[in-house]
Structures are given as C-alpha cells and as structure tokens.
2 protein chains.
Amino acid sequence: MKVAIVGLGSVGRGVAEMIAKKSLGLTVTGIADSTSGIINAGGIDLHDVLDVKHKTGSCGDKKISANEVIKKADYDALVEVTPTNATTGEPGLSYIKMAIGRKKHVVTSNKGPIALAYRDLKKRAEKNGVVLRHEATVGGAIPIFHMIEHGLAGNEILAIFGVLNGTCNFILTRMSDEGLTYEQALLEARQMGYAEADPTYDVQGIDAAIKLVILANTIWGNGVTLNDVNRTGIDLLTPDALRLAEDEGSTIRLIAEAIPKKGLLRVSPRIIEKSHPLVVEGTLNAITLETDMAKEITLIGRGAGSIETASAIIGDLLFIRDRYVERA
Amino acid sequence: MKVAIVGLGSVGRGVAEMIAKKSLGLTVTGIADSTSGIINAGGIDLHDVLDVKHKTGSCGDKKISANEVIKKADYDALVEVTPTNATTGEPGLSYIKMAIGRKKHVVTSNKGPIALAYRDLKKRAEKNGVVLRHEATVGGAIPIFHMIEHGLAGNEILAIFGVLNGTCNFILTRMSDEGLTYEQALLEARQMGYAEADPTYDVQGIDAAIKLVILANTIWGNGVTLNDVNRTGIDLLTPDALRLAEDEGSTIRLIAEAIPKKGLLRVSPRIIEKSHPLVVEGTLNAITLETDMAKEITLIGRGAGSIETASAIIGDLLFIRDRYVERA
C-alpha cells in the first residue's frame with residue numbers, strides 16, 4: 001500500500017521511523033513538513049529523509065508544499081499528523097478534505113479536525129468510498145476505537161469514563177504521592193517535559209474535553225461540541241482536598257465522563273477509590289467503557305509519545321491495507 | 001449469516017439469548033445440547049428453545065444429536081460452546097474438526113481443543129478457507145485477541161502478564177482486604193459460587209496455565225503445552241506472606257507470565273505493587289501486553305459470566321460475518 005505523510009513533528013517522525021524499520025508492506029510516495037516536501041512514486045528512502053530533517057529542519061524540496069504532496073502524489077492513504085488547532089482545525093482540516101476529495105483513505109492523529117468536523121468528514125469519506133480513521137486522537141497508544149469496532153462488536157456502549165490527559169494525571173499523582181501543592185507538581189511536570197510553558201490547555205481540562213467530544217461523536221454520532229462539555233480543571237485543587245480523599249482510601253483524578261442516557265458530558269476532578277482500574281499513575285491514560293454485554297472494560301496505556309502514537313497510526317494503516325486496499 | 005450452536009450451558013444460553021434479543025443479522029439454523037437437537041433451515045425461534053430448555057432440561061428432539069446438527073444443518077459458522085475437557089478436548093475437538101471439514105467457520109469458548117490442538121486446527125481451517133476464532137477462551141469478555149490483531153497490528157508482542165483466574169483473584173483479594181486465611185477465603189468463594197466443590201483446577205493454577213498456553217500459541221505460534229508451564233498455585237499461601245507484601249505497599253496475585261526471549265512460561269503467586277494496573281479486585285481478569293511500539297497496554301474486564309462470555313463469542317461472529325461471509 002502506498003502512503004503519503006504530512007507533518008514531521010514527533011508523531012510524523014515516529015511513523016516514518018517505524019515504516020522504515022519494520023516490514024509492513026507500506027511504501028511512502030509523498031512526504032511533507034511545514035516548509036518542504038518530496039514526491040517519489042518509486043518510494044522515498046525514509047532513513048535519508050529523517051536524517052536530512054534532523055540536520056536541516058526541513059525534509060525536502062522547499063518548492064514542494066504539503067498541498068502539492070496531497071494533490072499530486074500517488075498514494076492509497078494519507079497520514080495527516082500536522083499540529084492540532086482546536087479552534088479552526090487547520091491546516092489538517094483542509095488536508096483531510098483534499099485527500100478524501102481525491103478518494104484517498106485518511107489516518108490522522110489530529111484532534112482539531114476530528115473534534116470540529118467528524119460528522120462532515122465521515123460523510124465525505126463515505127460518499128467517496130474511502131475511510132477516515134483517527135485512533136491516535138484519543139489515548140495515544142490505546143486502541144480504543146478498534147476495540148469498540150471489533151472486540152466489542154454487538155455491544156451497546158452505555159457510558160465512557162476516562163483519564164485522558166497525562167499532564168493532569170502526572171500532577172495529581174505527584175500531589176497525592178508526595179503531598180505536593182498544585183504549583184510544585186506543575187513545576188515538576190514542566191521540568192520533566194510533561195507540561196507546556198502555558199499549561200492552560202491541559203490543566204483546565206480542555207484537552208480532555210476535546211478527546212471526550214471525539215469519543216462521544218465516534219461512538220454515538222451525537223454531534224456534540226466542546227461547548228457542550230461541563231468542564232472543571234485541576235488548577236484550583238488543594239493538597240487538603242487530596243488528603244481528605246486519601247483518608248477514605250480514595251484519591252482524586254481528572255475524569256472525563258459521557259453518559260448519553262443522563263445527558264452527561266463532563267470533565268472534572270472526581271474522588272475515586274484507589275483500587276478502581278481508572279486510578280493509574282503518572283502520565284498513563286485509562287478508559288473504561290460500560291457496555292450491555294461485556295459490562296465494564298478498562299484499557300490502560302501510554303497517552304503520548306512519538307512511537308506510542310505511531311503504533312495507533314500504523315494499526316489504522318494496516319487495517320485499511322487489509323480491509324480495503326488489498327481487498328480491492 | 002447462518003449460525004449453528006452446540007452446547008447450551010451457561011455460555012450457549014447467553015449466546016442464544018443475545019442473538020434472540022439483538023438485531024445482529026444472525027439466524028440460528030441448528031442447535032444442540034448434550035441430549036437433543038433441532039435443525040431448521042428457516043431459522044429457529046430461540047425464545048422457544050430457551051424456554052423448553054429451562055423447563056425440560058433438553059432443548060429439542062432427542063433423536064437429533066450434536067453430531068447430526070454439525071453435519072447436516074445449513075450454517076456459515078459453528079458456535080462450539082460445550083464444556084472444557086483439558087485432557088482430551090472432547091467432544092469439542094471432534095465437533096470443531098467436523099465443522100472445519102465441512103468448510104464452516106468456527107467460534108469457540110472451549111479451552112480444551114484450543115490448548116491441545118490449536119496449530120493443527122488452525123492449519124485445517126486455513127486449508128479449508130475458513131477461520132477459527134476463540135476470543136472467549138481467555139479473559140471472558142476481554143477482547144484480547146481482537147486487540148492484538150487490530151489495534152496493535154504492526155506491534156511485536158514481547159511479553160504477556162495476566163491475572164487469568166477469577167477464583168484465585170477473589171480469594172487473594174479477600175485474604176488481603178480482610179486478613180482471611182486461604183481456607184476462609186476459599187469457603188467464601190464457594191458460598192458465592194466462584195469456586196467449585198473441588199477447587200484444584202483453579203487454585204493450583206491449572207486453569208490460568210491453560211489460558212497462558214492458549215495466549216502463547218495464538219500470539220507466537222510456538223506450540224507450547226500445559227507441561228511447559230512452570231506452575232505454582234495459591235493453596236499454600238499464608239496470611240503472613242500477604243501481610244509482609246502489604247507492609248511494602250504491595251500485594252500478592254496469581255500472575256501468568258510468558259516472555260519468549262527468556263524462555264519463561266510461568267504461573268505463580270507474585271508480589272506486585274498495589275498501584276500496578278494488573279492488581280484488580282475480586283473476580284476481575286487483567287492482561288498486560290508488553291509491545292515494541294505501544295509499550296505496555298493493559299486490559300481489565302470480567303473473566304466469566306454467561307452474557308460477558310457471549311459478548312466475546314458475538315464479537316467473533318460479527319467479525320466473521322463482516323470479513324468473510326458478507327464479503328463472499
């Protein structure tokens with residue numbers, strides 16, 4: 001199967017590295033970062049590209065744009081891994097539409113377009129006889145959408161509960177384990193590279209809320225948006241609140257919840273028993289599905305990381321290869 | 001898709017009930033328990049069958065055997081859910097061979113045939129152009145094999161660690177939480193219906209070892225058998241040993257481990273940190289996969305139960321329907 005990749009940040013490089021390293025039957029015929037691109041119908045040498053990118057900051061020819069790669073390269077599936085813009089979805093949103101317009105399958109890790117326009121994009125893909133997959137948008141390496149589609153096929157999903165933001169979970173773990181204040185734990189998260197200079201997006205629950213919107217739209221197709229999420233962050237939590245929870249054998253975690261029958265769509269710090277499967281440590285993510293037949297199923301795994309996220313992208317690519325491309 | 005069911009114990013009844021209740025596009029054309037059977041090419045009324053089974057103990061015509069249903073009914077996939085015999089695999093082993101011989105897909109929850117003859121059965125299925133799926137043999141409702149095949153496609157599975165026996169986990173949870181002796185906790189497990197009159201199969205780790213053999217053979221195709229498992233049960237554990245572990249923030253769980261690179265295949269009580277995702281409560285099951293890209297992924301869910309196990313069977317049936325039957 002022929003693949004084009006747009007975006008060569010941490011995730012894009014992870015995907016390129018894994019395709020180069022493993023024998024997956026995937027040939028990359030187009031690749032682009034924000035300033036340059038390469039088109040090569042015979043297959044691009046990814047070791048070279050990663051080397052050049054590392055040394056010069058650009059991957060290829062500055063006269064070739066991502067737009068051109070998407071429009072002109074010969075590929076079966078586009079890997080769209082440009083940075084998330086939660087307000088406009090761009091440039092990923094346009095890239096995805098362009099590829100679908102060319103009847104190409106799309107795999108993305110980009111939360112912006114999926115949170116903003118999933119229903120529209122899915123309709124466009126169906127109309128064009130291709131698929132759009134976005135396993136990497138929620139829970140990093142955790143294959144939650146594959147699990148719902150396959151292992152849990154036939155189940156009705158009644159509710160979702162998730163620890164979807166590794167930064168918040170790290171901060172809460174440190175506050176709980178070491179009795180740190182929120183400020184101390186945030187400082188530590190910054191030093192470890194887990195928190196941005198401006199941590200608003202993470203600590204106020206926006207990132208978790210975006211992922212909850214993606215989960216809800218994918219599972220129930222209910223067209224909810226970020227504005228529908230009742231959201232409280234962790235930035236006002238005190239060590240005292242945590243201590244009170246701990247005295248009862250519980251702790252506090254930032255939990256994203258969706259229960260359609262109750263109209264509930266919420267991200268907030270919740271008191272939760274320490275023995276509950278959702279209570280994971282450090283930057284881990286966890287998702288519990290409540291279903292009619294399997295009852296509660298919990299998945300725990302790495303919520304971020306270059307190779308971990310590449311795992312989700314490659315799972316989607318191989319699914320498309322086996323189900324749609326080799327079948328054709 | 002047309003389905004035949006052999007076995008109407010707890011799992012078979014769960015499957016029949018769910019097929020009757022849900023609109024899954026599955027029509028049952030043959031059904032048998034150990035003493036009777038029904039063949040009806042037009043589709044069997046499962047509500048009636050379950051009602052008759054409940055009232056009389058038999059589901060149908062005593063002149064029609066399971067053998068006859070498998071050989072004569074018109075179906076695409078056989079659901080083989082007869083009781084596990086870990087020594088001979090029978091009668092399930094013969095039933096599965098018979099259906100594969102007729103070029104029928106097979107879905108089973110029966111650990112015996114899969115632990116004893118997976119490689120042979122898989123070869124027969126491949127030769128006949130059909131598939132054999134056995135999601136329900138390990139971890140009840142946890143869709144571990146679907147996850148490895150799809151969500152984690154492209155990953156190398158480096159190791160497995162599992163809590164695969166709910167009875168042992170219940171006993172260990174009670175010993176840990178309440179300071180009970182093994183004998184007291186076992187008695188409680190019996191009263192709750194979690195342990196058999198003869199608990200050997202569970203508490204000596206045989207059931208967990210069989211599931212470990214199935215996992216290893218399915219993932220690595222390495223042809224290991226029950227004799228290859230280094231096995232220690234929980235029946236000699238003392239409250240003192242548990243107390244020592246608890247003093248260090250840890251506890252004891254019966255862990256099944258397979259690490260091919262180390263030649264390790266073991267079921268034994270292990271000291272494990274309480275915050276580890278594998279430390280689940282009560283009768284829950286948990287499986288951690290260590291992989292090259294996704295790193296550690298843990299699944300937690302119900303390891304037994306009529307409807308929970310039916311969930312795994314139905315997931316397999318719908319996979320076969322979408323991938324092989326509707327495709328044809």
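Listed by first and then second residue, the pairs linking a residue in segment A:77-99 that is on the phi > 0 side of the Ramachandran plot to a residue that is surrounded by 19 or more Cβ atoms within 10 Å (Cβ to Cβ) and part of a loop (DSSP other than H, G, I, E, B), with Cβ atoms under 8 Å apart and 6 or more places separating them unless they lie on different chains, are A:GLY89/A:ASN110.
Does A:ILE272 count as within 14 Å of chain B (Cβ to nearest Cβ) and in contact (Cβ under 8 Å) with a residue 60 or more places away in the chain? First the steps, then the outcome.
Values: within 14 Å of chain B (Cβ to nearest Cβ): yes; in contact (Cβ under 8 Å) with a residue 60 or more places away in the chain: no.
It is false that A:ILE272 is within 14 Å of chain B (Cβ to nearest Cβ) and in contact (Cβ under 8 Å) with a residue 60 or more places away in the chain.
For A:MET293, the conditions (1) under 25 Å from the mean Cα position of the chain (by Cα); (2) buried (at least 21 other Cβ atoms within 10 Å of the Cβ) all hold with the exception of (1).
Quick one: how many residues across segment B:220-241 are in a helix (DSSP H, G or I) and either under 23 Å from B:LYS123 (Cβ atoms) or in contact with a His (Cβ under 8 Å, 6 or more places away or on another chain) (or both)? First the steps, then the outcome.
So in segment B:220-241, the residues in a helix (DSSP H, G or I) come out as B:220, B:226-228, B:239-241.
Of the ones still in play, those that are also either under 23 Å from B:LYS123 (Cβ atoms) or in contact with a His (Cβ under 8 Å, 6 or more places away or on another chain) (or both) are B:220, B:226-228.
Residues that pass the stated criteria total 4.
Considering every residue within segment B:9-29, establish whether at least one is outside any helix (DSSP H, G or I) and among the acidic types (Asp, Glu). The answer is no, given that none of the residues of segment B:9-29 is outside any helix (DSSP H, G or I) and among the acidic types (Asp, Glu).
Matching residues to (1) crowded, with 18+ Cβ neighbours inside 10 Å; (2) modelled with pLDDT of 95 or more:
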residue	(1), (2)
A:LYS127	no, yes
A:ALA136	yes, yes
A:ASN169	yes, yes
A:GLU196	no, no
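Report yes if B:ASP51 is more than 20 Å from B:ILE313 (Cβ to Cβ) and acidic (Asp, Glu), otherwise no.
On the way: more than 20 Å from B:ILE313 (Cβ to Cβ): yes; acidic (Asp, Glu): yes.
For B:ASP51, the condition - more than 20 Å from B:ILE313 (Cβ to Cβ) and acidic (Asp, Glu) - is met.
State all residues of segment B:89-126 that are aliphatic (A, V, I, L, M), part of a helix (DSSP H, G or I), touching a strand residue (DSSP E or B) at 6+ places or on another chain (Cβ under 8 Å) and over 18 Å from B:SER34 (Cα atoms); if no residue qualifies, say none. Those that are aliphatic (A, V, I, L, M), part of a helix (DSSP H, G or I), touching a strand residue (DSSP E or B) at 6+ places or on another chain (Cβ under 8 Å) and over 18 Å from B:SER34 (Cα atoms): B:ILE100, B:ILE114, B:LEU121, B:ALA125.
Within segment A:37-90, the set of residues being under 30 Å from A:THR225 (Cα atoms) and among the hydrophobic types (A, V, I, L, M, F, W, C) comprises A:ALA66, A:ILE70, A:ALA77, A:LEU78, A:VAL79, A:VAL81, A:ALA86. Count of segment A:1-60 residues, restricted to those that are within 14 Å of chain B (Cβ to nearest Cβ) and among the aliphatic types (A, V, I, L, M), is 10. Scanning segment A:132-152 for residues that are assigned to a loop (DSSP other than H, G, I, E, B), aliphatic (A, V, I, L, M) and more than 8 Å from chain B (Cβ to nearest Cβ) yields one hit, A:VAL138.
Only residues in segment A:123-134 that are in the same structural domain as A:SER109 (by TED's automatic domain parsing) and among the small types (Gly, Ala, Ser) count as the first member; pair them with residues that are crowded, with 21+ Cβ neighbours inside 10 Å and assigned to a helix (DSSP H, G or I), Cβ under 8 angstrom, at least 6 apart or cross-chain, and list the lot. Every condition considered, the pairs that remain are A:ALA125/A:ILE100. Take A:GLY129 and tell me if it is within 14 Å of chain B (Cβ to nearest Cβ) and closer than 28 Å to B:ASP322 by Cβ. For A:GLY129, the condition - within 14 Å of chain B (Cβ to nearest Cβ) and closer than 28 Å to B:ASP322 by Cβ - is not met.
Conditions tested, residue by residue: (1) without any contact (Cβ under 8 Å) to a residue 60 or more places away in the chain; (2) aliphatic (A, V, I, L, M); (3) part of a helix (DSSP H, G or I); (4) within 24 Å of B:PHE145 (Cα to Cα).
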{"position": "B:SER176", "(1), (2), (3), (4)": "no, no, yes, no"}
{"position": "B:GLU183", "(1), (2), (3), (4)": "yes, no, yes, no"}
{"position": "B:ALA197", "(1), (2), (3), (4)": "yes, yes, no, no"}
{"position": "B:ILE214", "(1), (2), (3), (4)": "no, yes, yes, yes"}
{"position": "B:THR218", "(1), (2), (3), (4)": "no, no, yes, yes"}
{"position": "B:ARG243", "(1), (2), (3), (4)": "no, no, yes, no"}
{"position": "B:GLU246", "(1), (2), (3), (4)": "no, no, yes, no"}
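All conditions but one from (1) part of a helix (DSSP H, G or I); (2) among the polar types (S, T, N, Q); (3) within 30 Å of A:PRO143 (Cβ to Cβ) apply to B:ASN155; the one that does not is (1). Just need a number here: residues in segment A:185-194 that are assigned to a helix (DSSP H, G or I) and surrounded by fewer than 19 Cβ atoms within 10 Å (Cβ to Cβ). Going through segment A:185-194 one residue at a time, the tally reaches 4. In this structure, A:ASP120 does satisfy being acidic (Asp, Glu) and either more than 26 Å from A:GLY43 (Cβ to Cβ) or in contact with a Ser or Thr (Cβ under 7 Å, 6 or more places away or on another chain) (or both). For segment A:44-53, state whether one or more residues are in a strand (DSSP E or B) and modelled with pLDDT of 95 or more. Scanning segment A:44-53, I find no residue that is in a strand (DSSP E or B) and modelled with pLDDT of 95 or more, so the answer is no.
In the condition set (1) over 22 Å from the mean Cα position of the chain (by Cα); (2) among the charged types (D, E, K, R); (3) facing chain B (nearest Cβ under 9 Å), A:LYS262 is compliant with all but (3).
Residues that are under 11 Å from B:GLU17 (Cβ atoms) and either crowded, with 20+ Cβ neighbours inside 10 Å or of a type in the set (A, V, I, L, M, F, W, C) (or both) within segment B:31-52 comprise B:LEU46, B:VAL49, B:LEU50, listed in sequence order.
Between A:THR87, A:THR27, which is surrounded by 15 or more Cβ atoms within 10 Å (Cβ to Cβ), in contact with a helix residue (DSSP H, G or I) (Cβ under 9 Å, 6 or more places away or on another chain) and in the same structural domain as A:ALA136 (by TED's automatic domain parsing)?
Numbers: A:THR87 fails: surrounded by 15 or more Cβ atoms within 10 Å (Cβ to Cβ).
Criteria check complete, one pass: A:THR27.
For segment A:11-24, filtered to residues that are within 20 Å of the chain's Cα centre (by Cα) and touching a residue at least 40 places away in the same chain (Cβ under 8 Å), the residue that is surrounded by the most Cβ atoms within 10 Å (Cβ to Cβ) is A:VAL15. Please work out if A:LEU254 is within 14 Å of another protein chain (Cβ to nearest Cβ), in contact with a strand residue (DSSP E or B) (Cβ under 9 Å, 6 or more places away or on another chain) and more than 30 Å from B:GLU17 (Cβ to Cβ). No: the conditions fail for A:LEU254. Test B:ILE259 against the stated conditions and say whether it is more than 23 Å from B:ALA185 (Cβ to Cβ), modelled with pLDDT of 95 or more and out of contact with any strand residue (DSSP E or B) (no Cβ under 7 Å at 6 or more places or on another chain). Considered against the rule, which asks whether it is more than 23 Å from B:ALA185 (Cβ to Cβ), modelled with pLDDT of 95 or more and out of contact with any strand residue (DSSP E or B) (no Cβ under 7 Å at 6 or more places or on another chain), B:ILE259 comes out as no.
When only residues in segment A:269-290 that are in a strand (DSSP E or B) and touching a helix residue (DSSP H, G or I) at 6+ places or on another chain (Cβ under 9 Å) count, which is surrounded by the fewest Cβ atoms within 10 Å (Cβ to Cβ)?
Initially, segment A:269-290 is screened for residues in a strand (DSSP E or B), giving A:269-273, A:284-290.
Next, only the ones that are touching a helix residue (DSSP H, G or I) at 6+ places or on another chain (Cβ under 9 Å) stay: A:269, A:271-272, A:284-287, A:289.
Working: A:PRO269: 21, A:ILE271: 15, A:ILE272: 17, A:LEU284: 22, A:ASN285: 26, A:ALA286: 26, A:ILE287: 25, A:LEU289: 24.
So, considering only residues that are in a strand (DSSP E or B) and touching a helix residue (DSSP H, G or I) at 6+ places or on another chain (Cβ under 9 Å), the one surrounded by the fewest Cβ atoms within 10 Å (Cβ to Cβ) is A:ILE271.
For segment B:296-316, what are the residues that are more than 8 Å from chain A (Cβ to nearest Cβ), crowded, with 23+ Cβ neighbours inside 10 Å and part of a helix (DSSP H, G or I)?
Within segment B:296-316, the subset more than 8 Å from chain A (Cβ to nearest Cβ) is B:303-304, B:306, B:309, B:313, B:316.
From what is left, the residues that are crowded, with 23+ Cβ neighbours inside 10 Å are B:303, B:309, B:313, B:316.
Correct list: B:THR309, B:ILE313, B:ASP316.
Taken as a whole, segment A:64-74 holds at least one residue that is surrounded by fewer than 21 Cβ atoms within 10 Å (Cβ to Cβ), free of Cβ contacts under 8 Å to residues at least 40 places away in the same chain and within 24 Å of the chain's Cα centre (by Cα).
The values are calculated or read from the model by the stated rules, or taken from the named source; none is laboratory data. Just so you know, these numbers come straight off a predicted model, no measurement behind them. All Cβ positions, glycine included, derive from the backbone under ideal geometry; neighbour counts span all protein chains shown.
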